[in-house]
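Worksheet: the structure to be examined is printed underneath.
The values are calculated or read from the model by the stated rules, or taken from the named source; none is laboratory data. The shown structure was predicted, so the numbers you read here are calculated from the model rather than taken from an experiment. Please note: Cβ atoms are built from the backbone with ideal geometry, for glycine as well, and neighbour counts cover all protein chains shown.
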Amino acid sequence: MTDLKSLTFTQLAELVKSIGWESYRSQQIYTWIWQKGINDIDLMTNLAKSKREQLACDCFISSLHLIDTKQAKDRARKFLFRLHDQHKIETVFIPETDRKTVCVSTQVGCALGCKICHTAQIGFIRNLKFHEIADQILQVQLLTGERISNVVFMGMGEPFLNYAECLKAIENLNSDFGLNIGARRITVSTSGIVERIYDFADFPLQAKLAISLNAATDQLRNELMPINKKYPLSEIIKAVRYYIEKKKKRVTFEYVLIKGINDRAQDVRALTKLLYGIACKINLIPFNPCPHTKYQSPTLPEMEAFAEKLYPQLPAVTIRKSRGQEILAACGQLAAQ
């Protein structure tokens with residue numbers, strides 16, 4: 001049996017051609033699945049009953065299974081989904097006045113072992129397929145009744161270690177027959193997989209790039225993010241400069257502030273030196289506590305003081321408010337529990 005949701009638009013067009021149907025049928029089927037969210041072939045009412053019966057003989061439409069949902073006081077919602085093989089992932093919906101954002105997972109668990117991330121405690125289990133990534137947005141849209149405007153690849157997993165499936169998911173999100181979300185409203189965050197930064201610069205769609213930085217020296221970053229031993233800061237910055245030159249757009253650097261660890265005067269100096277002359281935005285994020293961690297969050301005044309020291313030496317510095325912290329839905333807190 002073929003899962004129609006697992007097919008890219010090109011693959012679906014090939015399937016439709018192989019059974020002798022008109023080419024426009026692939027657009028109809030893809031729209032039913034990804035825009036109307038149906039999981040029953042018999043509901044495709046612009047297909048003749050004989051065609052629906054023919055399709056149902058060899059095909060089906062999968063769907064993520066909702067296990068649980070929690071809502072924080074700030075209206076952020078976390079969804080726990082079960083996959084077809086019984087593994088679990090978490091997805092976060094962040095409503096704001098002018099946008100409705102979904103934070104998607106790209107892997108079950110993560111292999112990077114970052115000390116400031118709860119997902120790291122799971123370890124790596126498997127990559128998600130493109131339709132399992134895209135289906136998170138579709139299911140949140142159906143469950144909330146809200147039209148999703150923005151997507152961030154910042155949930156469980158390292159997107160650039162599941163690169164091909166993430167690109168296919170972005171193509172689905174951007175498709176006129178898919179979820180129809182503008183590429184400039186899609187952001188992919190990486191811990192610094194250098195080869196993929198170069199590749200992403202050559203990706204034709206204008207999705208945005210964010211770098212999870214969190215330290216401005218190799219010594220400290222090695223401690224917080226062991227992947228830095230393979231991809232040191234000099235190599236990451238070189239790749240980022242290539243990306244900016246190729247795309248003609250700035251990059252966002254995410255910097256999780258940890259009290260007494262990376263929020264000192266010496267960190268201001270190192271961060272300013274590292275990012276000098278780079279077209280970028282710095283997102284300061286308070287460390288979000290998670291089980292079995294030794295780190296602490298700075299206070300808001302401490303974060304504001306750090307930001308004031310960075311600006312105007314760096315072009316744009318913002319403090320990103322954590323959403324959904326009390327339900328473990330904030331940055332670094334997802335663990336599919």
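Just a yes or no: is a residue in the stretch 208-217 assigned to a helix (DSSP H, G or I) and in the same structural domain as C117 (by TED's automatic domain parsing)? There is no residue in the stretch 208-217 that is assigned to a helix (DSSP H, G or I) and in the same structural domain as C117 (by TED's automatic domain parsing).
Are any of the residues in the stretch 153-164 surrounded by fewer than 17 Cβ atoms within 10 Å (Cβ to Cβ), in a helix (DSSP H, G or I) and modelled with pLDDT of 95 or more? Within the stretch 153-164, one or more residues are surrounded by fewer than 17 Cβ atoms within 10 Å (Cβ to Cβ), in a helix (DSSP H, G or I) and modelled with pLDDT of 95 or more. Is there a residue being touching a strand residue (DSSP E or B) at 6+ places or on another chain (Cβ under 9 Å) and not in a helix (DSSP H, G or I) anywhere in the stretch 229-241? The answer is no, given that none of the residues of the stretch 229-241 is touching a strand residue (DSSP E or B) at 6+ places or on another chain (Cβ under 9 Å) and not in a helix (DSSP H, G or I). Collect the residues in the stretch 211-223 that are within 19 Å of L314 (Cβ to Cβ), of a type outside the set (G, A, S) and over 21 Å from the mean Cα position of the chain (by Cα), keeping them in residue-number order. Answer for the stretch 211-223, where residues must be within 19 Å of L314 (Cβ to Cβ), of a type outside the set (G, A, S) and over 21 Å from the mean Cα position of the chain (by Cα): T217, L220, R221. Anything in the stretch 102-134 that is among the charged types (D, E, K, R) and either surrounded by fewer than 19 Cβ atoms within 10 Å (Cβ to Cβ) or within 21 Å of Q71 (Cβ to Cβ) (or both)? List them, or say none. Across the stretch 102-134, the qualifying residues are K115, R126. Looking across T190, T144, one residue alone is in the same structural domain as E132 (by TED's automatic domain parsing), out of contact with any Gly (no Cβ under 7 Å at 6 or more places or on another chain), crowded, with 19+ Cβ neighbours inside 10 Å and polar (S, T, N, Q). It is T190. When D176 is tested against (1) modelled with pLDDT under 95; (2) of a type in the set (D, E, K, R); (3) part of a helix (DSSP H, G or I), only condition (3) is not met.
On the given criteria, is W21 of a type outside the set (D, E, K, R) and either within 20 Å of I125 (Cα to Cα) or in a helix (DSSP H, G or I) (or both)? The answer is no for W21.
Conditions (1) of a type outside the set (A, V, I, L, M, F, W, C); (2) more than 20 Å from G145 (Cβ to Cβ); (3) modelled with pLDDT of 95 or more, marked per residue:
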| site | (1), (2), (3) |
| --- | --- |
| M1 | no, yes, no |
| L4 | no, yes, yes |
| T8 | yes, yes, yes |
| G20 | yes, yes, no |
| Q28 | yes, yes, yes |
| W32 | no, no, yes |
| I41 | no, yes, yes |
| R75 | yes, no, no |
| F79 | no, no, yes |
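Name the residues in the stretch 269-295 that are assigned to a helix (DSSP H, G or I) and surrounded by 20 or more Cβ atoms within 10 Å (Cβ to Cβ), would you? Scanning the stretch 269-295 gives L271, L275. The residues listed here are I282, I261; of these, the one that is out of contact with any strand residue (DSSP E or B) (no Cβ under 9 Å at 6 or more places or on another chain) and under 26 Å from T119 (Cβ atoms) is I261. In the stretch 232-268, the qualifying residues are those that are closer than 12 Å to A201 by Cα and either of a type in the set (A, V, I, L, M, F, W, C) or outside the structural domain of I197 (by TED's automatic domain parsing) (or both), and the one that is surrounded by the fewest Cβ atoms within 10 Å (Cβ to Cβ) is I244.
Rundown of residues vs (1) farther than 21 Å from A305 by Cβ; (2) over 22 Å from the mean Cα position of the chain (by Cα); (3) at pLDDT below 95, yes/no style:
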| site | (1), (2), (3) |
| --- | --- |
| M225 | yes, no, no |
| K230 | yes, yes, no |
| S234 | yes, yes, no |
| I237 | yes, no, no |
| V240 | yes, no, no |
| Y243 | yes, no, no |
| K249 | yes, no, yes |
| F253 | no, no, no |
